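Report on the structure given below.
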Amino acid sequence: MAATGSGIDTTTVRCLGADDAGAVQRLHARLDQHDSYMRWFGPQPKQLTAFSDQLCECNKRRCALGAFIGDELVGVGNFVMLDGVSPTTVEFALVVAQDERLHGIGTSLLDGLEDEAYRHGARRMVAEVMGENAPMLQVIRERGWAHSLRRDGSTLHLEVKLHVAE
């Protein structure tokens with residue numbers, strides 16, 4: 001799907017499949033307590049195997065992308081259609097390994113998620129972000145989406161319109 005960087009640090013972004021569930025589990029298992037809280041708004045799910053299996057099932061309603069450096073999964077971005085809200089709205093989430101942040105991986109995942117969501121029929125993306133999640137807020141600012149944030153206590157709600165991928 002996409003590659004960023006150069007040489008041995010090249011990052012490849014692609015759709016995840018059933019064979020990637022173990023890599024998703026390992027990535028989430030490496031998250032420390034703070035990173036888990038930023039991702040889950042609480043402790044990590046106890047059923048990481050079930051979560052990983054479901055995350056890697058791409059269909060009309062959901063899609064997950066993985067960022068790989070070589071064979072190592074270093075980031076995941078996913079979305080799920082919100083049928084109860086609007087059949088054209090998806091909620092998305094990102095997680096990037098701590099030692100791989102600030103290298104453009106979150107941005108690459110978000111680029112891919114936007115394209116995939118649009119291909120799936122979505123026209124809006126939403127997310128909930130902890131107000132203290134500085135890396136995610138930096139990605140949002142870099143995309144020019146800061147004006148789309150709405151504060152609700154310690155949480156920020158993001159809602160952006162998707163445009164045709166070129």
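Remarks
- Asn59 being surrounded by fewer than 14 Cβ atoms within 10 Å (Cβ to Cβ) and within 19 Å of Leu16 (Cα to Cα): yes
- Across the stretch 76-90, the qualifying residues are those that are outside any loop (DSSP other than H, G, I, E, B) and of a type outside the set (Val, Ile, Thr), and the one among them that is surrounded by the fewest Cβ atoms within 10 Å (Cβ to Cβ) is Met81.
- Restricting the stretch 138-166 to residues that are in contact with a Gly (Cβ under 8 Å, 6 or more places away or on another chain) and among the hydrophobic types (A, V, I, L, M, F, W, C), the residue that is farthest from Val95 (Cα to Cα) is Leu156.
- The C-beta contact set for the stretch 59-84 (first residue over 20 Å from Asp99 (Cα atoms), second residue surrounded by fewer than 19 Cβ atoms within 10 Å (Cβ to Cβ) and β-branched (Val, Ile, Thr), distance under 6 angstrom, 6+ apart or interchain) comprises Arg62/Val80.
- Elements of type strands (runs of 3 or more DSSP E) in the stretch 118-166, at least 1 residues being among the hydroxyl-bearing types (Ser, Thr, Tyr) and surrounded by 12 or more Cβ atoms within 10 Å (Cβ to Cβ): 155-161
- Set side by side, the residues Asp83, Asp115 differ, and just one is over 16 Å from the mean Cα position of the chain (by Cα) and either at pLDDT below 85 or under 26 Å from Val24 (Cα atoms) (or both), which is Asp83.
The values are calculated or read from the model by the stated rules, or taken from the named source; none is laboratory data. Computed from a prediction, not measured in an experiment: that's the story for all the values here. Glycine also receives a Cβ, built like all others from the backbone with ideal geometry; neighbour counts cover every protein chain displayed.
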